[in-house]
Amino acid sequence: MTAIIEVRGLQKRYAGSVAVQNLSFDVTEGEFLSLLGASGSGKTTTLRMIAGLEYPTGGQVLFQGQDITNLPAAGRKMRMVFQDFALFPNLTAWDNVAFGLRLRINRPRVSAAEIKSRVGRYLEIVQLSAHAEKLPHQLSGGQRQRVALARALVTDPPIVLFDEPLGSLDASMRKVMQIELKRLHRELRKTFIYVTHDQEEAMGLSDRVAVLQGGELLQLATPEEIYAHPESEAVARFIGTANVLTGTVQAGNGGFALQLPGGARISLGNGPADLAPNQTVTVMIRAEQLRIRPAASLAEEGLVARVAERLFLGDKVRYELELPGSATRLTALDAGGTPRLGIGDQVLVLVEPSRVCVISPRTGAAR
Amino acid sequence: MSAATQAPWHERRQLLVWLIPPLLWFTVFMVIPYCLLFYYSLGSTEYMTFKPGFSLANLIRVFRTEPYLSVLLKSARIGALTALGATVLGYPVAFCLAFHTRTARAKFLIYLLVIVPWWAAYLVKAYAWKTILGTNGLLNALLLQLHLIHEPLTLFLYNQFSVVLTLIYIFTPFAILSIYAQLERIPTSIVEASSNLGASTFETLTRIIIPLSLPGVIAGAIITFALATGDFIAPALLGGSNAIMISNVVINLLGVAFDWPMAASIGIVVIGVGTALISVAHYLEHRSQARF
């Protein structure tokens, strides 16, 4: 597994503000890497610096070990799918796709027959053969997206960059294109670098996800790893529905427990090896890992809470729970099996100790 | 219009009240003059007085009798050269303004520099060119000073060159603003996509930017062509006998020869040719307009 792109201490400052600071990560050849973050996290700026559409104020970008930091965009072996598709409005779908093959950068020149067969093939791949002679404004959003995709892929670049490519599509089209992208990545075996603010999209599509905030890299790992073991509260809160709780560690008979401000206790089991009594720690529990029972079954050990809000979401029910004597609120996602609970009902919240992830202080053994 | 879509009477009455002043203006200063022009072109003159009539003789004379047609063609050529010069000079300025001017302040400054010369009267600027190009002008003084020539040259002034030069100077802002307005519509991402696909700056310019800016180029060219072709100050001040243009001929017919029917006939021909040209340009402009 070799790194095709290495980002080394990348930095981008504008007059008075910092968009990206001291960013370092590798992109492995052939992987689908997402840069995930809210707007202003620096994800698009990072992608544009990799593409050469913007130049960093510090740091380096390496392509296959070579420094390309100051190489103009036209000389880089990567193609981009833009957020607004950026199709050439004066050219038909066919000519948009053929554009990159007709340029002088191709040495030797691509023959007319070769252009014809390749454009034809890629238009077929994106299922647009019937619309080849249409101008961009005559195509729907999803079709324009496909033209942009074919245009980026036709020159057979080792890396394809995506800048929120599905952002302007409606929800159903977005789902279709997600599956399409995943299939294309698997079949073409190219490196995909994908910018998105949609955490579900990033998790579903990517081999690895880089979570960015305020121009800094918070965590870079597989979607499973990021979901189960976020390294910071910000990552935990950004992805999925998380309960982040802070309390004091107490030694009990069955191992450690977390004492919450209101007096409630959550069992940590044996916990990470370096957990010590009286230590203040922050933990994360995924909303779907909280199991709730009607308060009648008080025999089991758990947290006593009161239902503050109940939202029916179709495939699951979302409960907002209040802990007595505390401002802390818990969110539980129940996928069925629990009798219907009403607002104000007393419930018992059960947490499997192994599902409690200690976020801080960071402990190596927690992973 | 169906009853459902028709505005109620009191609303239409209100609209009518608002429309009366512009309609009145349009009638008095455009419709009536056009009719008068037609009326005069059909008449004739006897002892320098107008005689109403119904004859196409004057219109035929425009094409048959010298120097009308040749002056008309010369005017059109000067207009075309001006349009060409203004486009060639104006395009790079508009391009820089649209793509290479980062800050809003710099943009405003260039914009201002393009517009500001229009605060000075046209006549003054034409005179300025006279003092630059004349025998005792700045250009000759400079060349003498550099010992490139030994006596002042007369070839700069009173010919078609001086007229075209002045007209280009005067009308280039129209070309710049027209091209700029079109370039401004091109999204930055399109230019970025082009270079991302491997296009050189030159390829991006010829394959994407110029085709997309064509409607602005055509509009700018037609404006500068029309303004220059019908100009009379530049030829009168800087043209000499060699660069008499159609407006000068019309003025002479009106004010010196009192041949109003002939002047009106030339006007009709100019309007006819102008309408045809603008229609063609409009068609081309429409065809080349990409939908973003």
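Every number in this text was worked out from the coordinates using simple rules, so none of it is lab data. Predicted model, so just to flag it, every value in this text is computed and none were measured. We place every Cβ from the backbone using ideal geometry, glycine too, and count neighbours over all the protein chains shown.
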- Query: Each residue of the range A:120-125 in turn: what ³J(HN,Hα) in whole Hz from Karplus with 6.51, -1.76, 1.60 and θ = phi - 60°, glycine and Pro shown as x?
  - Reply: x, 5, 6, 5, 5, 4
- Query: How do the peptides B:173-181, A:7-15 rank, highest first, by the average count of neighbouring beta carbon atoms within 10 Å per residue?
  - Reply: B:173-181, A:7-15
- Item | For chain A: lysine pairs under 27 Å (alpha-carbon distance), excluding those fewer than 8 apart on one chain | 18
- Most positive-pole-ward Cα, B:42, B:238, B:29, against dipole of chain B from beta carbon charges: B:29
- Query: Fewest first, what order do B:130, A:43 take by the number of other Cβ atoms within 10 Å?
  - Reply: B:130, A:43
- Message: Under 5 Å between amide hydrogens, which residues at least 5 positions from residue A:218 or on another chain qualify, with H placed 1.01 Å from N in the peptide plane?
- Response: A:211, A:212, A:213
- Query: What average number of partner chain Cβ atoms lie no more than 10 Å from the Cβ of the residues making up A:197-208?
  - Reply: 0
- Task: Provide the convex hull volume over Cα atoms per residue for the range B:63-288, in Å³.
- Result: 162 Å³
- Query: In peptide A:92-104, how many Cβ atoms from other protein chains are near each Cβ within 10 Å, on average?
  - Reply: 3
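So what's the back-of-envelope 222 nm ellipticity for chain A, counting only DSSP H runs of four-plus at -39500 (n - 2.57) apiece and dividing by all residues, rounded to 500?
Values: 8 runs with 79 residues, N = 367.
Theoretical 222 nm ellipticity from helices: -6500 deg cm²/dmol.
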- The answer for residue A:5, listing residues at least 5 apart or on another chain whose modeled amide H is closer than 5 Å to its amide H, is A:27, A:64
- Query: Of the peptides A:97-107, B:56-66, how do they stack up when ordered by the mean number of other Cβ atoms within 10 Å, highest first?
  - Reply: A:97-107, B:56-66
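Given Cβ point charges of +1 (Lys, Arg) and -1 (Asp, Glu) and nothing else, what value in debye, to the nearest 20, does the dipole of chain B about its Cα centre take? Mind dumping the intermediate values first?
Details: 16 positive and 10 negative charges, 84 e Å.
That gives a dipole near 400 debye.
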- Note on the structure: For the range A:3-236, the Debye formula with one identical point scatterer on each Cα and no solvent gives log10 I(q)/I(0) at q = 0.18 Å⁻¹ as -1.39
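Averaged over its residues, how many other protein chain Cβ atoms are within 10 Å of peptide B:183-193's Cβ atoms? If you can, show how the numbers build up before the last one.
Values: counts 0, 0, 1, 1, 4, 3, 9, 8, 2, 9, 17.
Taking the mean over all residues of the peptide, I get 5.
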- ³J(HN,Hα) computed for each position of the range A:184-189 - Karplus, 6.51 cos²θ - 1.76 cosθ + 1.60, integer Hz, glycine/proline x: 4, 5, 5, 7, 8, 6
- Message: Please enumerate, by chain and number, the lysines with C-alpha under 28 Å from the C-alpha of residue B:125, excluding those fewer than 8 residues away in the same chain.
- Response: B:74, B:107
- How large is ³J(HN,Hα) for each residue in the range B:140-154, as worked out from phi by the Karplus curve 6.51 cos²θ - 1.76 cosθ + 1.60 (θ = phi - 60°), to whole Hz, x for Gly and Pro? 5, 4, 5, 5, 5, 4, 7, 6, 7, 10, 10, 9, x, 8, 9
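If you restrict to DSSP beta bridges whose two residues both lie in the range A:3-236, what percentage is antiparallel, to the nearest 5?
Values: 20 of 38 bridges.
Of all bridge pairs located within the range A:3-236, approximately 55 percent are antiparallel.
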- Note on the structure: Check: C-alpha center the range B:165-185 vs C-alpha center the range B:6-43, spacing in Å is 32 Å
- For residue B:44, enumerate residues with amide H under 5 Å from its amide H, sequence gap 5+ or separate chain, H modeled in the peptide plane. B:51, B:53
- Query: How big is the shadow of the Cα convex hull of the protein assembly as shown, averaged over all directions, in nm²?
  - Reply: 49.0 nm²
